[in-house]
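**Q** My structure is below; once you've seen it, I'll send some questions.
The values are calculated or read from the model by the stated rules, or taken from the named source; none is laboratory data. Worth saying up front: this structure is predicted, and the values here are computed from it rather than measured. A quick note on method: Cβ atoms are made from the backbone with ideal geometry, for glycine too, and the neighbour counts reach across all protein chains shown. Keep in mind that these areas ignore ligands, DNA and RNA; they rest on the heavy atoms of the full protein, side chains included. Shrake-Rupley method; radii C 1.70, N 1.55, O 1.52, S 1.80 Å.
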Amino acid sequence: RGKNKTPDNMYRLAWSLAAIEQYDEAIQLTNDFMNSFLDAELTPKALLIQGYAFGKLDRTPESVSSYQLVVDHFPQTPYAAKALHLMALTYFRNNQFRPIITQLNHQWNLIPLDVKKKFPETLYWIAEAHIQLGNGEASRDYYQKFLDMAPLDHPLVAQALLGQSVSYAVDKDFNTSILTLQRTFQTAQEKNDTAFMAATMLEMGNVFFNAKDYENAASTYRQYQKIDPKHPQLGFSMYQEGLALHRAEYYSDAVAAWENVVKTHPRDAKAPEALFRTAKTRFDLGQYPDAVKNYEQLIRVYPDCEFAKDARLQIGQCYYNAGNFPKAIVHYTDFLDRFPDDEQAPQVLQLLQTCYYQAKKTPEEIDKLTKNQTKSPVLADIYWEEGAKLYNDKAYEKARDYFQKILFEFPSSSLAPQASFYRAESLYLQEKFMEAVPAYENFLQYYPEDPQKSLCMFHLAVCLFNEKEYSKSAVVFQDFAKAFPDDAMAKNANLNAAMCYAKAQEVDNAVTAYQNYVTLYPDSEDVGTVYMQMAQLLEKTGQDEKAAALYRKVPGNLAERTEALFNAGRLYRKLNNANAEKQVYEETQAHSVKNDAYRIAGLLQLAEIYLTQNDKARALAVYQDVAQNAADEASAAMAKEQIQALQGGK
């Protein structure tokens, strides 16, 4: 990481940074490379690294741009071919298929044939893009071009053969697709390639399914499962087998297939849906107790899946259809409590009121139960309980919905202050700072005596900072520190206020705030840094004399002391204050770390001052100190040269 990097070293460092996932640094380094060097081999390779790093950061336009630079400036080279391959992958991963089959394809045609043969992968991805766009015939053409060009052991050959078969299915030519897959399967058998055989059989099952030949689809999925019992798509195939059997009206067999997914592959992405379909099929068959068990299992095992909500409603439906209205009331009420804004809520509410009647509730009871049902105080408690639970589970968006309902529907509730605060907190924890600011301000306005006021003020200041409202943030931090001086966060608030003023370029306010901080916390370990920051602010605004004085205030026991003294000396020289400059450099001599870089630099300046004053003895002593203690060779060499000159003169 030294300053004098060779082109090769810079390229290797960029490659290494990308390899260890330090993508921002890799990008910066490749930019530095482009600005410094132009090399026929290293420049395109550096651009490839840059494109790769941009891609890893999901910065697709920049990624594509880097690859395009390779294609534009190094055409007809292997680097251009590789860039097109990576560009195709980038487009494909972002579902941008049309650029692959248009401009990228055009650029590929300009690559020399001998280069293409070494990098045929782009043809495969052009074919895949055509598949995604529904261009079956075009995809077959490019798959074949790839197969003609690629060596037989290329890892994408098997996928290309499968792709050709799928292309017929895309064109709704299912018979040809099946025949092609059967020939592909024979090829896989001849090669004794189990993975290829399994993938082919799975695709064959998918084609049968899409052709609505469900019995053959189910049979083919079972054959696939026998070929490779450890294939990663096994759970999917079991789910598809169940779906095919269900559509062929073999309901019991479908249930068995879906239960097998949950039993053998409980973590598969299709397992929750398989369990849901098992329960729904049993519901449709009137097997309500078994359906309830399956729905409850789904909620218990997969509580966060997309089917869990419907499962809760369906349990109520099971009890309703079975005539068990008290339990139906329980589950409909539970559904409405959990999902009051769901699109099915009005219908569920009607079913709930029907259950009151079917459960033989008296008119008075029904009136009591249905009167202002969505506005009752009990509902406010339910909202709070649900919101608090979701908040604790970090589901802040959903939790916020419940807190807002309390505020909008029950503004006089004792829960309103808590709901107001946690609504703001939910936004804060989601980093929605712009929305959190008015939420916190509303809380402070309407509940100024609430115990959560201190945390509210601190978080409000943080939100304003993140929204780059630095001046406002500084004021709130200061107000917080004044209102709650004994709070554990008061120290941070005082320092944050100064930092905010600094960011707002309000130098006088920043310096005042920093001064307040060092007055309040004189023994804090960061006092030296604070003095340095104050001095730097003043120096930037041309207040050199004040800045020098602040540099000198850095306590002598802190690590920043020598740097601060050196900076003070630098400013005194600028101010033509030779005596003050000499004094601060003399102070650096006592520093315990003799090889400190700022000490050495200050001593060299001090020796120079002694020479101008014709005090050769002191100058010689200082140069001898530097020669003995300097860590860098340049300073030591300079000191030795001066020593020799002074002694020779003597």
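**Q** Looking at the range 453-468, can you tell me whether even one residue there is within 28 Å of the chain's Cα centre (by Cα), within 21 Å of Glu525 (Cα to Cα) and assigned to a helix (DSSP H, G or I)?
**A** There is no residue in the range 453-468 that is within 28 Å of the chain's Cα centre (by Cα), within 21 Å of Glu525 (Cα to Cα) and assigned to a helix (DSSP H, G or I).
**Q** To continue, here is another question. Assuming Arg277 fulfils every condition listed in (1) open to solvent by 70 Å² or more (accessible area, probe 1.4 Å); (2) assigned to a helix (DSSP H, G or I); (3) out of contact with any Leu (no Cβ under 9 Å at 6 or more places or on another chain) apart from one, which condition is it?
**A** Failed condition: (3).
**Q** Somewhere in the range 64-85, is a residue in a helix (DSSP H, G or I), open to solvent by 50 Å² or more (accessible area, probe 1.4 Å) and polar (S, T, N, Q)?
**A** The answer is yes; a qualifying residue exists.
**Q** Closer than 27 Å to Thr519 by Cβ and in contact with a His (Cβ under 9 Å, 6 or more places away or on another chain), is that true of Leu565? Talk me through it step by step, then tell me what you get.
**A** Details: closer than 27 Å to Thr519 by Cβ: yes; in contact with a His (Cβ under 9 Å, 6 or more places away or on another chain): yes.
So Leu565 passes the test.
**Q** So which helices (runs of 4 or more DSSP H) are wholly in the range 523-608 and hold at least 2 residues that are closer than 23 Å to Ala639 by Cβ and out of contact with any Ser or Thr (no Cβ under 6 Å at 6 or more places or on another chain)?
**A** Details: elements: 527-540, 544-551, 561-574, 578-588.
Ranges flagged: 561-574, 578-588.
Quick grid of which residues meet (1) at pLDDT 90 or above; (2) of a type in the set (Phe, Trp, Tyr); (3) open to solvent by 30 Å² or more (accessible area, probe 1.4 Å); (4) in contact with a helix residue (DSSP H, G or I) (Cβ under 6 Å, 6 or more places away or on another chain):
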site	(1), (2), (3), (4)
Ala590	no, no, yes, no
Val593	no, no, yes, no
Thr612	yes, no, yes, no
Val626	yes, no, no, yes
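**Q** Quick one: what pairs do we get from the range 534-550, first residue farther than 21 Å from Gln583 by Cα, second open to solvent by less than 30 Å² (accessible area, probe 1.4 Å) and among the β-branched types (Val, Ile, Thr), C-beta under 6 Å, 6+ apart or different chains?
**A** So the pair list comes out as Met534/Val511; Leu537/Val507; Thr541/Val507.
**Q** Sticking with this structure for a sec: Of everything in the range 431-452, what is of a type outside the set (Ser, Thr, Tyr), part of a helix (DSSP H, G or I), open to solvent by less than 50 Å² (accessible area, probe 1.4 Å) and over 21 Å from Asp393 (Cβ atoms)? Give them in sequence order.
**A** Passing the criteria: Phe433, Val437, Phe443, Leu444.
**Q** Still on this structure: Search the range 531-554 for residues being within 18 Å of Met499 (Cα to Cα) and open to solvent by 50 Å² or more (accessible area, probe 1.4 Å), and hand back the single one that is farthest from the chain's Cα centre (by Cα).
**A** Thr541
**Q** With (1) farther than 21 Å from Ala481 by Cβ; (2) free of Cβ contacts under 8 Å to residues at least 40 places away in the same chain as the list, and Pro448 as the residue in question, which single condition is left unmet?
**A** All conditions are met except number (1).
**Q** Taking the options Asn216, Asn206, Asn210, Asn192, name whichever one is of a type outside the set (Ser, Thr, Tyr) and crowded, with 19+ Cβ neighbours inside 10 Å.
**A** Asn206
**Q** Same structure again: Among the residues that make up the range 502-511, is at least one of them of a type outside the set (Lys, Arg) and closer than 30 Å to Lys594 by Cα?
**A** no
**Q** Across the range 398-430, what is the number of residues that are assigned to a helix (DSSP H, G or I) and either on the phi > 0 side of the Ramachandran plot or among the hydroxyl-bearing types (Ser, Thr, Tyr) (or both)?
**A** 5
**Q** Restricting to the range 400-429, name every residue that is of a type in the set (A, V, I, L, M) and within 12 Å of Gly387 (Cα to Cα).
**A** Scanning the range 400-429 gives Ile406, Leu415, Ala419.
**Q** Filter the range 10-45 down to the residues that are surrounded by 13 or more Cβ atoms within 10 Å (Cβ to Cβ) and either in contact with a His (Cβ under 7 Å, 6 or more places away or on another chain) or over 22 Å from Glu62 (Cβ atoms) (or both) and list them by number.
**A** Arg12, Glu41
**Q** Now a separate question. Is it true that Ala254 is surrounded by fewer than 21 Cβ atoms within 10 Å (Cβ to Cβ), over 30 Å from Tyr143 (Cα atoms) and touching a residue at least 12 places away in the same chain (Cβ under 8 Å)?
**A** Considered against the rule, which asks whether it is surrounded by fewer than 21 Cβ atoms within 10 Å (Cβ to Cβ), over 30 Å from Tyr143 (Cα atoms) and touching a residue at least 12 places away in the same chain (Cβ under 8 Å), Ala254 comes out as no.
**Q** Continuing with the same structure: Taking Lys293 as the residue in question, decide whether it is in a helix (DSSP H, G or I), within 30 Å of Gln358 (Cα to Cα) and among the basic types (Lys, Arg).
**A** yes
**Q** Please pick out the residue among Thr180, Thr102 that is part of a helix (DSSP H, G or I) and surrounded by fewer than 17 Cβ atoms within 10 Å (Cβ to Cβ).
**A** So the residue among Thr180, Thr102 that is part of a helix (DSSP H, G or I) and surrounded by fewer than 17 Cβ atoms within 10 Å (Cβ to Cβ) is Thr102.
**Q** Would you check which residues across the range 470-494 are of a type in the set (Asp, Glu) and touching a residue at least 12 places away in the same chain (Cβ under 8 Å) and list them?
**A** Taking the range 470-494 first, the residues of a type in the set (Asp, Glu) are 479, 486-487.
Across the range 470-494, the qualifying residues are Asp479, Asp487.
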